[in-house]
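The values are calculated or read from the model by the stated rules, or taken from the named source; none is laboratory data. Everything numeric here is computed off the predicted structure, so don't read it as measured data. Because the Cβ atoms are built from the backbone with ideal geometry, glycine has one as well, and the counts that use them run over all protein chains shown. These area figures cover heavy atoms from the full protein model, side chains too; ligands, DNA and RNA do not enter into them. Shrake-Rupley method; radii C 1.70, N 1.55, O 1.52, S 1.80 Å.
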Amino acid sequence: MSPKTLTDGTRTGAEQGPSAASAKKWWILAVVALAQLMVVLDATIVNIALPSAQADLGFSDGNRQWIVTAYALAFASLLLLGGRIADLFGRKTAFLIGVVGFAAVSALGGAATNFEMLVTARALQGAFGALLAPAALSLLNTTFTDAKERAKAFSVYGAIAGAGGAVGLLLGGILTDALDWRWTLYVNVAIAVVAFAGGWLLLSNHRDAANSKLDVPGTVLVAAGLFSLVYGFSNAETHDWDSPQTWGFLIAGGALLAAFTWWQTRAAHSLLPLRILLDRNRAASFLAVLISGAGMFGVFLFLTYYLQLNLGFSPTKTGVAFLPMVAALMVAAQIGTTALVPRLGPKAVIPLGFAIAAVGMAWLTGLGVGSHYVSAVLPQLVITGIGLGLVMPPAMQLATGGVAAEDAGVASATVNAMQQVGGSIGTALLNTLAASAAADYLVGKNPANKMVQAQATIESYTTAFLWSAGFFAAGAVIAFLLFRRGVPQQDADAAPVVHM
């Protein structure tokens with residue numbers, strides 16, 4: 001039946017379609033953003049609860065890091081496989097399985113009766129997260145093709161990706177203080193119920209790469225390479241850099257990833273088609289995500305230590321202290337993706353964001369034993385948030401923009417892998433540098449003196465902040481050199497088709 005105009009002036013039939021489709025897109029964004037928040041905040045939500053979990057389950061200080069590392073290892077090493085599964089078997093299927101699996105193993109972790117059970121649950125969380133995260137981002141990529149709508153959608157998604165760590169600290173603190181450490185895991189079940197219901201109702205299961213096959217050798221090479229790389233950097237936190245468990249795994253990871261790259265040039269159905277990496281703006285965006293992931297840990301990790309150990313903040317108050325940064329990041333994300341990049345291009349905006357973030361981190365090096373949050377932390381957090389808001393969302397949008405629909409999942413997985421590997425590199429390097437700075441300060445001084453100990457701790461924090469500023473400054477230079485001039489134009493032939 002053709003659409004008709006009724007006596008009251010309303011339209012029937014197909015003419016209501018565009019409005020309904022537009023509304024459906026934004027509901028899909030809400031579902032995808034919720035699922036992404038669950039994955040991102042789980043990288044930090046358990047951190048605040050670790051002392052309580054350790055006291056409850058009785059595991060050692062040496063084993064404590066594995067509660068965090070197990071998640072990172074599984075997540076990073078399986079991301080490209082998860083992205084390709086979404087392309088091959090359908091993003092709705094991958095999304096829903098990821099959501100259900102993530103919720104189930106979160107409940108398992110919350111019910112853990114010993115260390116082994118908890119660390120196993122965390123590793124399984126990482127595995128299901130590696131399936132869920134690229135499916136979520138590729139759904140966003142294939143749903144929003146209009147330039148203005150796409151910019152708004154990625155401003156929301158990028159803000160969540162950038163601020164999720166801080167939200168995890170806040171939520172982890174609240175749940176640990178008000179309830180129990182186990183609720184930092186149980187909360188995922190509640191989030192997953194909403195995400196699953198929305199995904200089931202709103203998504204369709206189009207398979208853009210249904211005629212391709214899984215690249216098994218490539219999957220093994222890249223999974224082993226990413227695992228070795230993240231494991232090597234994780235070992236740097238507990239071993240010296242000259243330990244074979246550190247440099248051995250780093251060398252092995254580099255060799256395996258080099259072999260993976262070589263294989264991708266010869267595989268009939270490559271896991272990561274090199275055409276995705278050879279676009280100059282996309283390659284620059286991947287590097288921007290990697291560098292911002294490395295530098296962000298200077299904010300979250302060491303400021304958490306400072307606020308709790310030096311200023312005496314509770315876990316909940318620590319999380320609240322990060323909220324101004326989250327707000328600044330979200331506002332800058334909206335302005336950057338919807339107004340600045342479309343007018344000025346990434347070559348101007350992303351280096352500017354890195355430079356602003358570098359200023360914020362450099363300013364934090366002025367912290368002292370007697371500093372106050374309002375004067376010595378808050379302004380710097382806001383400035384850093386503005387800078388990261390101009391980097392993360394635009395970079396994520398450009399990294400997946402213009403990718404053929406059949407490659408959307410694996411391109412999205414590459415973005416997530418860059419952020420995860422960057423975080424691992426940043427954590428390892430900054431922890432090592434901070435520990436060295438504290439040890440250097442104590443040379444020739446009485447370590448039993450409480451004031452000397454306090455100042456040594458401050459030296460470790462400020463060193464980490466200075467190096468984070470250096471990461472961001474390097475990011476500004478690299479982004480300026482690599483991004484093309486002008487506003488990026490999306491290739492109409494490569495633009496993904498809307499599949500809702």
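Per-structure values
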| item | result |
| --- | --- |
| Number of the exception - residue 358 against (1) crowded, with 24+ Cβ neighbours inside 10 Å; (2) assigned to a helix (DSSP H, G or I) | (1) |
| Lone unmet requirement of (1) out of contact with any helix residue (DSSP H, G or I) (no Cβ under 7 Å at 6 or more places or on another chain); (2) surrounded by fewer than 24 Cβ atoms within 10 Å (Cβ to Cβ) for residue 303 | (2) |
| The range 361-392, residues that are of a type in the set (Ser, Thr, Tyr) and open to solvent by 20 Å² or more (accessible area, probe 1.4 Å) | 365, 371, 373, 375 |
| Where residue 105 falls short, out of the listed (1) within 17 Å of residue 47 (Cα to Cα); (2) at pLDDT 90 or above | (1) |
| Filter result for residue 96 (open to solvent by 10 Å² or more (accessible area, probe 1.4 Å), touching a Leu at 6+ places or on another chain (Cβ under 9 Å) and farther than 27 Å from residue 235 by Cβ) | yes |
| Selected residue (only one of 248, 253 is over 23 Å from the mean Cα position of the chain (by Cα) and part of a helix (DSSP H, G or I)) | 248 |
| The range 245-263: number of residues that are touching a helix residue (DSSP H, G or I) at 6+ places or on another chain (Cβ under 8 Å) and under 27 Å from residue 394 (Cβ atoms) | 1 |
| Residue 324 crowded, with 24+ Cβ neighbours inside 10 Å, modelled with pLDDT of 85 or more and touching a helix residue (DSSP H, G or I) at 6+ places or on another chain (Cβ under 8 Å) | no |
| Odd one out for residue 456, checked against (1) open to solvent by less than 10 Å² (accessible area, probe 1.4 Å); (2) in contact (Cβ under 8 Å) with a residue 40 or more places away in the chain; (3) within 30 Å of residue 246 (Cβ to Cβ) | (2) |
| Count of residues meeting criterion [open to solvent by 40 Å² or more (accessible area, probe 1.4 Å) and in contact (Cβ under 8 Å) with a residue 24 or more places away in the chain] in the range 232-251 | 3 |
| Unmet criterion (only one of (1) open to solvent by 50 Å² or more (accessible area, probe 1.4 Å); (2) small (Gly, Ala, Ser); (3) not in a helix (DSSP H, G or I)) for residue 55 | (3) |
| Hits in the range 222-231 (condition: open to solvent by 30 Å² or more (accessible area, probe 1.4 Å) and farther than 12 Å from residue 417 by Cβ) | 224, 231 |
| Flag if residue 266 is touching a residue at least 12 places away in the same chain (Cβ under 8 Å) and among the charged types (D, E, K, R) | no |
| Residues being in a helix (DSSP H, G or I), open to solvent by less than 40 Å² (accessible area, probe 1.4 Å) and over 15 Å from residue 80 (Cα atoms) - total across the range 256-289 | 8 |
| Residues that are without any contact (Cβ under 8 Å) to a residue 12 or more places away in the chain and either of a type in the set (A, V, I, L, M, F, W, C) or surrounded by 24 or more Cβ atoms within 10 Å (Cβ to Cβ) (or both), drawn from the range 105-136 | 117 |
